Amino acid sequence: MEEVLGIKASIRGNKVFFRGDEEPANKARKFIREYYSINSNGYIISPEDIKYALKAFERNDPHGPASSSSSSRETSSTPLKDYFLNNIPVSSKKKFIVPRSENQRKYVDAIRQYDMVIGIGPAGTGKTYLAMAMAINALLKKEVTRIILARPAVEAGERLGFLPGDLYEKVNPYLRPLYDALFDMMEAEKAYRLIDKGIIEIAPLAFMRGRTLNDSFIILDEAQNTTSEQMMMYLTRLGFNSKTVITGDTTQVDLPQGRVSGLIEIEKLLKDIKELRFIYFSEKDVVRHKIVQEIIKAYKKLEKSRNNNL
């Protein structure tokens, strides 16, 4: 609260004291009251959630700097509870996932409304994580009967053939980020049980060939590393009562030189299809450590400088 609202706060016993100008101090008091009502309902709220909730709270305050905005969403007073109740429940000790930026909120809303959503943007913007949360939530609500998580096994500077082990051991490192996201939302024992039953499947993209996927929630991660042929194959796997979310970063293509990225290609090819939605993220949507935002900005500046020198 001190960082976002520009006040000083201290705790004595069960009381919180604020020092600062009247307006931000009143905002802090209102925030604490709304936060307490949410927390008393048993929701587990992380410090990072509080940080982003405060920014949303400040943005939606009718007397705050955003009040001059033409957006009806930003000029109306939105209770903090609305921010947390627009969450994605997942099966882990009352844990839920909250969209932490406007683009993340649009992304989640799009996944709810459309059967195909393509999320494009830099690492750390929550593209895969939020898609995973929506998939688990759909499974819990019995909207789908299985989750399929796929990734192209494309080497970034190394070759699969030189890695030790059988095919599974060779491709497993490329699927590790999907396991990490899954285990962050679901108890490992339950996750492994669902994987053993085939209810959750984590596999290289090549394993999708020849299948028709009904009653499924399918996520294609790192889609910038699909070829044109692979992307066409994947897009035509979607069956009845299924959803798919395709994620990737078009600035991080690891395909051999001369190969067209399937993700870059469908940006133009599918842009006029109304039954699907593209959502674009920027470094402002990065929800990892704040230094990651600065690193992304630095690389963007370097890339712009290189392009200007060409």
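The values are calculated or read from the model by the stated rules, or taken from the named source; none is laboratory data. No experiment lies behind these values; they were computed from the predicted model shown. Please note that ligands, DNA and RNA were not included when accessible areas were found on the heavy atoms of the full protein model with its side chains. Shrake-Rupley method; radii C 1.70, N 1.55, O 1.52, S 1.80 Å.
Numerical summary
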read-out	value
Selection from segment 263-301 of residues that are assigned to a helix (DSSP H, G or I) and modelled with pLDDT of 90 or more	L263, I264, E265, I266, E267, K268, L269
D109 being over 16 Å from the mean Cα position of the chain (by Cα) and modelled with pLDDT of 90 or more	no
Those residues of segment 184-237 which are closer than 22 Å to D249 by Cα, part of a loop (DSSP other than H, G, I, E, B) and of a type outside the set (D, E, K, R), in sequence order	T226, T236
Subset tally (residues that are open to solvent by less than 60 Å² (accessible area, probe 1.4 Å) and hydroxyl-bearing (S, T, Y)) for segment 183-218	1
Flag for Y43 being at pLDDT 70 or above and either outside any strand (DSSP E or B) or small (G, A, S) (or both)	no
Where G119 falls short, out of the listed (1) outside any helix (DSSP H, G or I); (2) modelled with pLDDT under 90; (3) small (G, A, S); (4) under 15 Å from the mean Cα position of the chain (by Cα)	(2)
Single condition R176 does not satisfy, out of (1) farther than 23 Å from K268 by Cα; (2) of a type outside the set (S, T, Y); (3) modelled with pLDDT of 90 or more; (4) open to solvent by 70 Å² or more (accessible area, probe 1.4 Å)	(3)
Of the criteria (1) open to solvent by 60 Å² or more (accessible area, probe 1.4 Å); (2) more than 18 Å from the chain's Cα centre (by Cα), which one T251 fails	(2)
